[in-house]
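Notes to accompany the following structure.
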Amino acid sequence: MARIRKDAEQQPKHQVSMVFDLNKCLGCQTCTIACKRLWTRDEGMEYMWWATVNTQPGRGTPRDYEKMGGGFDSEDVPRAGHLPTRGEFGDAWKFNYDEVFYGGKGSKVHLKPEGDTTWGPNWDEDQGGGEYPNSYFFYLPRICNHCTHPACLDACPRAAIEKREEDGIVLINEDRCRGYRFCMEACPYKKIYFNQARKVAQKCIFCFPRVDKEVAPACARMCPGRVRFAGYLDDPEGPIYKLVKDWKVAIPLHPEYGTEPNVYYVPPIAPPRLDKDGNVDESSPRIPTAYLEHLFGPAVHGSLEILQREMDKTRGGGKSELMDLLISRRWLDMFHNLDRDPATLEWTAKT
Amino acid sequence: MLVVAKLSADHGALMDPAASVWQPIKSTALALEATPTGTQPTPYTRTSWKDRKIGAVPGVGVQAAHDGESIFVRLEWVDANENRSVEDNNVFPDGAAIVFPVKETAPIDTMGSETEPVNAWQWQANSERGRSVVAHGVGSTEPSTEAVDVAAVRSGDHWQVIISRKLAGADGSVSLNPGGASRFGVAVWEGGNGERAGFKGYTAKWTDIRLADA
């Protein structure tokens, strides 16, 4: 889709990117926790999960974010968006720790959450879709997409959001942010949170202090399933370029939102369906392609075809460069140009 | 023309919106209207808010006094929906501001211009500290360093708010003098209506003021 826009000449020199291989995601939430431990432990950040993993089909985080608007229409006009509440994000549940551990009632009172407990960040985990024996689900990790055409940046009346020239990371300048939250309305992926304690908007920063030192973001480096490729979209030697540009198997989530995300997904292929006699039925896929098209747009058809073709090659005893790339036998190959071991760095504490 | 009365009452009384010192001072009623969406600074705010009703507070009563050193502006308006917090993402605090031209010819409806700045003093219901900003046009506000004192009380369904600053300004902000004249405007944000930033009720024209002499 051709776009005419005023920021055309302001595009970054390079663009960081991630590819998530949904065929490998275990839903273990190690990425989620790696991010939480590193970035969102301060007051006001209790309910924040800059990296999330949700079961699909499902309502996502925040709940029903796909129905909240934002982004741009096909004419590149901003669409009005809903401001997600703490409750819709799943909030930070409070527990009766004081009562149980310090109130002398430990033998009478059991630990329990307080207040509204009708929703959480991955509340519909493992509900999935379909009917036994052809039920299905997969996991969908999400971070800020560090978009090429960021709706948040476009919305902020304070010019508090910038897209870094050197690598395209989208950052909120907390010195300029006045907590107006138009960015949260405008982001169609609803990956921006409001910090009630500091009265500023906050979101995934693509671990820019690590990227500055050629270290991959924590969520990617900590992933035990080798799901998350991290690097530069414009690096032809890196796996992201190969998966997105050469093989065209990695595609963005909801491209119709018009923000040109820089996080890409390898769509999932589930085991085959079973017919009523329990025999393998390959006449249609277990995960309905229409559902994947809802998530990833029409490009998912081409991606699934290529994946299937390459998979069939290896099943037939042949070789597939694509399958080798996705298997990632050498872990550090997943982080081309971001493959430095953080243990080799001298970190200086900020005083 | 609004006359800023010269009073010798102590600073504490003038900072109390409910103090008797304010009773004899004439209140001027100013009408507020919605800020135009067409002049908002970003594509999102211009287009996505165009069908939303903003400027929920239709008018404000203004009283003003000075003590030779500081000016005290007392604002009072009806707002049945008290919003003091940002406890959830979709909750916004009530607020008010008074604005002065730093350069006399500055336009009010665009918050000044590149060469004609305005200086606004703001109160927000979730903060005990006021703030001073200088703007050179819509979306360009920058903090300035002068201390702005604020005090607010609820009286029934009314907000009563004092915004005060030293008469002498610095750092690109407005300076006022006993015996001198200036112009000012008022803005009110109804937090319960999601009003913040450039979405507010405001006086679309300047009101002349004169400071009574010492």
(request) Any chance you could count how many residues in region B:119-138 are in contact with a helix residue (DSSP H, G or I) (Cβ under 9 Å, 6 or more places away or on another chain) and over 13 Å from residue B:97 (Cα atoms)? (result) 2
(message) What pairs come out if I take residues in region B:81-108 that are within 14 Å of chain A (Cβ to nearest Cβ) and pair them with residues that are of a type in the set (A, V, I, L, M) and in a loop (DSSP other than H, G, I, E, B) whose C-beta lies under 6 Å away, six or more apart or interchain?
(response) B:84/B:125; B:89/A:83; B:90/A:83; B:93/B:125
(request) Would you be able to tell me the number of residues in region A:158-183 that are part of a loop (DSSP other than H, G, I, E, B), open to solvent by 20 Å² or more (accessible area, probe 1.4 Å) and on the phi < 0 side of the Ramachandran plot? (result) 10
(request) Give region A:12-45 a look and list any residue that's touching a strand residue (DSSP E or B) at 6+ places or on another chain (Cβ under 9 Å) and over 22 Å from residue A:339 (Cβ atoms), or say none. (result) A:22, A:23, A:26, A:27, A:28, A:29, A:32, A:40, A:42, A:43, A:44, A:45
(request) Determine if region B:58-66 includes at least one residue that is open to solvent by 40 Å² or more (accessible area, probe 1.4 Å), modelled with pLDDT under 95 and more than 12 Å from chain A (Cβ to nearest Cβ). (result) no
(message) Residues to consider are A:100, A:109, A:77; find the one that is crowded, with 17+ Cβ neighbours inside 10 Å and either away from every other protein chain (no Cβ under 14 Å) or not acidic (Asp, Glu) (or both).
(response) A:100
(message) Take residue B:120 and tell me if it is more than 10 Å from every other protein chain (Cβ to nearest Cβ), within 23 Å of residue B:60 (Cα to Cα) and among the small types (Gly, Ala, Ser).
(response) yes
(request) Report yes if some residue within region A:128-144 is assigned to a loop (DSSP other than H, G, I, E, B), under 30 Å from residue A:57 (Cβ atoms) and among the aliphatic types (A, V, I, L, M); otherwise report no. (result) yes
(request) Within region A:189-221, count every residue that is more than 14 Å from chain B (Cβ to nearest Cβ) and either closer than 21 Å to residue A:46 by Cβ or not in a helix (DSSP H, G or I) (or both). (result) 13
(request) May I ask you to list the residues in region B:119-160 that are within 12 Å of the chain's Cα centre (by Cα) and free of Cβ contacts under 8 Å to residues at least 24 places away in the same chain? (result) B:131, B:133
(request) May I ask you to list the residues in region B:33-57 that are open to solvent by less than 10 Å² (accessible area, probe 1.4 Å) and free of Cβ contacts under 8 Å to residues at least 60 places away in the same chain? (result) B:44
(message) Can you say whether residue A:186 is of a type in the set (Gly, Ala, Ser), open to solvent by 30 Å² or more (accessible area, probe 1.4 Å) and within 14 Å of chain B (Cβ to nearest Cβ), as far as the supplied structure shows?
(response) no
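The values are calculated or read from the model by the stated rules, or taken from the named source; none is laboratory data. The model shown is predicted, which means the values in this text are computed figures rather than measured ones. Cβ atoms come from the backbone with ideal geometry, glycine included; neighbour counts cover every protein chain shown. Side chains included, ligands, DNA and RNA excluded: accessible areas come from the protein's heavy atoms. Shrake-Rupley method; radii C 1.70, N 1.55, O 1.52, S 1.80 Å.
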